[in-house]
């Protein structure tokens, strides 16, 4: 195992995905024991550790991608939390999704706005961010 | 016609899409005479004129969306030029596309990297940006 | 604001989407206060107000699109109601979805047939259309 | 072989797809000898022979589907010719594609408008329809 | 009706899809009375009866397709049962889905792994396969 | 760098993708210097090196995925060569693509059959496989 990359990846993974990502990984380890390493090393240890783009922009791009593909609501939720974790504002997340009406069409974008609305309301019940 | 929105939209449209967008619109006006108004008013006059997100991030999100849907090479080219027009760096565009290996898979992301490589090379023949 | 277009768009919006569309818009206005204007003006005030295609065919085309993209069940429900509102028959809606087995494959089309079956049964509990 | 369905399907296939479809099938018969039967029997002998929807609406729905999936330009061309063959007007085809800006986003719809523009121009060089 | 093909198709359909497929068909017969014939004849009587590829590989390819399109969870469930019915091992199904992280991206593949994990756990409550 | 994984990945990469893959990587190294490592380590060093599925089935699943997403013709070509490299027969590749008429619809599958027909003819001009 490439220890350095894994350690760097885990740091990034914790910073970005937080508890939501941790739970997602844990749930799958019974099925694919190596899944933590796969998710941590390439996406986080390699890609998210590259210096050329800040994490906030990366997470907004991830949200644009998930909305445009459609059918990825659970991942969209994880990445909306992640975007907030790395400094994106709620308003920016809404802007990116709203902009997707232009690129991916109104249905996928409206679908995503409902998902995000629900998520924001639940987050507010606990505390304000 | 909503003059204010159209005027605001045309300004934004010229700032973002430049000559590439102008040519794209002109080519279609014979087929759909209202197409300029449709492209200018909602996407640019409404969405791109919203204050909550800077144009550089909007264009990087557009690129993430186009790569993730696939099959939109002509639009990807327009938006890579657009991203450069509004201040994104080449390296940031490459980062967003490379990140899409994680979200949309290697085939769509590699496809897009070839498109961008070709575009950068042609742009270099004229002048450096 | 372009009053004429908005007024024309609201008429078309009410005619096509009815209560389902109204509820969908209301649910999002807390998140994006301008969402009603965005949904009403371009899609309904511009596109659905164009004279070259009847609303029944437009709604059947919308259903074909939603089934082919997949993952848009809530929007499919809104547009099946909409298609019935503007004069499409149940049999025609079923034909369009069934035809999508050929274009978009059996999984997406069968998915949509289940959604529609469920919707028809609920509609029948209230009244016959 | 189910002769009746095949004969019925071939009639429908010739009526709808004409020379473009015939060429498409011939090109693949060396690779998959049964491809003619597969294309003729289920799509045309079964689905397109169902009485509940006219061929013009079926072809406009096919165009909506192809535009929404993206990346199907050769099939889009075949079906634009087919739509004209079964009585759709050019203006109606343009309306359906333009409407897809709302459902599938501007990039896929604009892509399709370019394809159709090119096709209409080539058709005009031969004769007017 | 093409009796031979239907009979051959029903055999294949029962062998592959088993009870899950039978239920899926029954649920739709009220809506589309011919749906059983459509699902049985072309997909099973024609395609799945072709000699050039074994059923196990066909079902693993079906799973790869469903994961890559996304938004087809109900069909994915049917085909995971089907893959097990025709001799694929659980480990092989997991490998195909995990491989889709490379081709279709992590979100769709992880989505599918959750679906499969849930299905395997329910299957284990009844008996071991 | 994780030497072992890279070495194992390069072996697998050469075995599967051969010259086509090598050229694809080389073309992108000017743009993303680390691209060879990214393509080799996770997809080949991790995933394709897992023992639970043979390379022939992996490549047939890759083809099913690429056909189903659509718009990935260059990658489809690389993977058809790859499938042949690891022991899949031409007939098996055709079967998988033909089967995608059922899952992903006729347009994407026919598109892919044309791509493969063209590739087989070019391969035959050099030598028979």
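Observations, loosely collected:
- Inside region A:23-78, residues that are facing another protein chain (nearest Cβ under 7 Å), within 17 Å of residue A:116 (Cα to Cα) and part of a helix (DSSP H, G or I) make up a count of 10.
- Taken together, D:83, D:104, D:64, D:109 contain a single residue that is over 22 Å from residue A:109 (Cα atoms) and in contact with a helix residue (DSSP H, G or I) (Cβ under 6 Å, 6 or more places away or on another chain), which is D:83.
- Flag if residue E:13 is under 19 Å from residue F:92 (Cα atoms), assigned to a helix (DSSP H, G or I) and free of Cβ contacts under 8 Å to residues at least 60 places away in the same chain: no
- Selected residue (only one of C:37, C:77 is surrounded by fewer than 24 Cβ atoms within 10 Å (Cβ to Cβ), touching a residue at least 12 places away in the same chain (Cβ under 8 Å) and under 14 Å from the mean Cα position of the chain (by Cα)): C:77
- In the set D:116, D:96, only one residue is under 27 Å from residue B:22 (Cβ atoms), touching a residue at least 24 places away in the same chain (Cβ under 8 Å) and facing chain B (nearest Cβ under 9 Å); that residue is D:116.
- Note on region A:87-129: among residues that are surrounded by 20 or more Cβ atoms within 10 Å (Cβ to Cβ) and outside any helix (DSSP H, G or I), the one that is nearest to the chain's Cα centre (by Cα) is A:88.
Every read-out reported here was derived from the displayed coordinates using simple, explicitly stated rules and does not represent laboratory data. The shown structure was predicted, so the numbers you read here are calculated from the model rather than taken from an experiment. In this analysis, Cβ positions are derived from the backbone assuming ideal geometry, glycine residues included, and neighbour counts consider all displayed protein chains.
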